[in-house]
Amino acid sequence: MRERDIPYKAVSLPSSMLREWLVMLQGLSNVHVQLSRRGTNLLRSVRDFAPSYFDDVYVHSRAMDGKTDVEVHKVHVRKILTLMREQKFFVNLKECKFAANKIPLLGCIVGKNGVRPDPEKIQEISDWSVSVDVKGLRKFLGLAAYLHKYSRNYAKMTVHLSRRLKKNERWSSSADCQHSFEGIKKILI
């Protein structure tokens with residue numbers, strides 16, 4: 001929170017004391033936008049190795065100039081923490097992962113070997129039973145669509161199931177739909 005805005009966020013307590021908040025309150029409607037904007041502006045100079053997503057900062061480092069990737073990573077983390085301290089950003093150490101080989105990010109696992117689907121999502125797909133209603137089918141196709149970038153021929157596999165979502169389509173369990181359902185599970189697993 002900007003120092004000049006602190007008096008505007010003050011509240012009066014029952015004991016007649018005035019409480020001034022030094023950090024953003026969660027109940028404010030634009031807190032996420034302001035946090036994201038401030039974080040983006042703060043990290044603009046280090047965006048090459050530290051992208052951010054809302055209140056998360058992901059620091060990735062590679063070996064360079066004769067230094068190992070760990071040595072470079074330490075320099076990067078130090079630089080980020082210094083920037084944050086200067087701007088009065090706080091870090092919750094319980095939520096931090098330092099020198100991790102892979103991290104979960106938006107339903108995927110990001111690591112040295114690239115991006116791959118989260119094993120929990122894959123397990124969820126493999127455990128899914130045949131959907132007997134439109135709502136269940138929408139859930140299945142939604143999760144499958146999220147993971148389909150890791151598979152081939154996804155569009156062909158979903159044709160029969162997607163037809164079932166049309167407004168006046170009769171709901172029946174056909175062999176084509178069952179084959180599509182099992183095929184989608186197979187290519188995603």
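Structure values in brief
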read-out: Residue exposure sequence - Lys149, Lys102 - by fewest surrounding Cβ within 10 Å; value: Lys149, Lys102
read-out: Whichever aspartates and glutamates have a C-alpha closer than 20 Å to that of Lys9, once near sequence neighbours (fewer than 8 apart) are set aside; value: Glu20
read-out: Rg to Rh quotient for segment 119-188, alpha carbon positions, Kirkwood Rh; value: 0.93
read-out: Ranked Asp133, Asp65, criterion: other C-beta atoms within 10 Å, fewest first; value: Asp65, Asp133
read-out: HN-Hα J in Hz across segment 98-104 - Karplus 6.51, -1.76, 1.60, θ = phi - 60°, x for Gly and Pro; value: 9, 6, 7, 6, 8, 9, x
read-out: Ratio of the Cα radius of gyration of segment 64-157 to 2.2 N^0.38 Å, where N counts its residues; value: 1.59
read-out: On Cα atoms only, tilt of 31-42 relative to the major axis of the chain in degrees; value: 70 degrees
read-out: P(r) weight above 29 Å for the chain, C-alpha pairs, percent; value: 51 percent
read-out: Principal-axis tilt of helix 69-86 within the chain, Cα atoms, nearest 10 degrees; value: 60 degrees
read-out: Per-pair calculated FRET efficiency, R0 = 45 Å: Asp5 and Val115 via Cβ, rounded to 0.05; value: 0.70
read-out: With eigenvalues of the C-alpha gyration tensor scaled by 5 and rooted, segment 32-100, Å; value: 22, 13, 11
read-out: Table column - 3J(HN,Hα) (Hz), segment 152-160, Karplus curve with 6.51, -1.76, 1.60, x for Gly and Pro; value: 10, 6, 5, 4, 5, 6, 9, 3, 5
read-out: Size of electric dipole in segment 136-189: Cβ of Lys, Arg +1 and of Asp, Glu -1, about Cα centre, debye, nearest 20; value: 180 debye
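Bear in mind these aren't lab numbers, they're just calculated from the coordinates by the rules spelled out. Note that the coordinates shown come from a computational prediction; the quantities given were computed from them, not determined experimentally. Because the Cβ atoms are built from the backbone with ideal geometry, glycine has one as well, and the counts that use them run over all protein chains shown.
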